[in-house]
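J.: One structure follows; several queries about it will come next.
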Amino acid sequence: MHIAVMTELFKLAVETTSKLPDELQDEIAQAMLSLAGEQLPPIGLTAEDEASLAESLAQSARGEYASDEEISAIWAKYDL
């Protein structure tokens, strides 16, 4: 019989992330399961996601990419 024991840091992570919105909890859970080697089914796209992806692909096909200034602004926004 295997008894699962969580480290204190892991317990803190679970407790802390349990307070986040459901969507973020699911993203974190998927990342954790992936790191643990679990194979998960692909996540379906919403109609909004599909429209956004289609627009992104169309922009790429037209050669429309973010400028260096736009990229720098994003990096600065997130202190990267």
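Quick note: the coordinates plus some simple rules give every number you see, no bench work behind them. For clarity, every value in this text was computed on a predicted model and none was experimentally measured. Cβ atoms come from the backbone with ideal geometry, glycine included; neighbour counts cover every protein chain shown.
J.: For the range 27-47, which positions are of a type outside the set (A, V, I, L, M), without any contact (Cβ under 8 Å) to a residue 12 or more places away in the chain and within 18 Å of Phe10 (Cβ to Cβ)?
T.: First pass over the range 27-47, keeping only residues of a type outside the set (A, V, I, L, M): 27, 30, 34, 37-39, 41-42, 44, 46.
Cutting the leftovers down to without any contact (Cβ under 8 Å) to a residue 12 or more places away in the chain gives us 27, 34, 37-39, 41-42, 44, 46.
Listed by number, the residues that qualify are Glu27, Ser34, Gly37, Glu38.
J.: Still on this structure, please answer the following. Out of all the residues in the range 44-79, which are of a type in the set (Phe, Trp, Tyr) and in a loop (DSSP other than H, G, I, E, B)? Talk me through it step by step, then tell me what you get.
T.: First, the residues of the range 44-79 that are of a type in the set (Phe, Trp, Tyr): 65, 75, 78.
Result: Tyr65, Tyr78.
J.: State which residue is nearest to Gln30 (Cα to Cα) when the search covers only the range 44-56 and only residues that are of a type outside the set (D, E, K, R) and surrounded by 10 or more Cβ atoms within 10 Å (Cβ to Cβ). Don't jump to the end; show me each part of the working.
T.: Applying the first criterion (of a type outside the set (D, E, K, R)) to the range 44-56 yields 44-47, 51-54, 56.
Subset that is surrounded by 10 or more Cβ atoms within 10 Å (Cβ to Cβ): 45, 51-54, 56.
On the way: Leu45: 15, Ala51: 24, Ser52: 22, Leu53: 21, Ala54: 25, Ser56: 24 Å.
Taking the candidates together, the pick is Leu45.
J.: Another question, then. Kindly check whether there is at least one residue in the range 66-74 that is loosely packed, with under 10 Cβ neighbours inside 10 Å and among the hydroxyl-bearing types (Ser, Thr, Tyr).
T.: Looking through the range 66-74, at least one residue is loosely packed, with under 10 Cβ neighbours inside 10 Å and among the hydroxyl-bearing types (Ser, Thr, Tyr).
J.: Please go through the range 7-43 and pick out each residue that is part of a helix (DSSP H, G or I), over 12 Å from the mean Cα position of the chain (by Cα) and of a type in the set (A, V, I, L, M).
T.: Across the range 7-43, the qualifying residues are Leu9, Leu12, Ala13, Val14, Leu33, Leu35.
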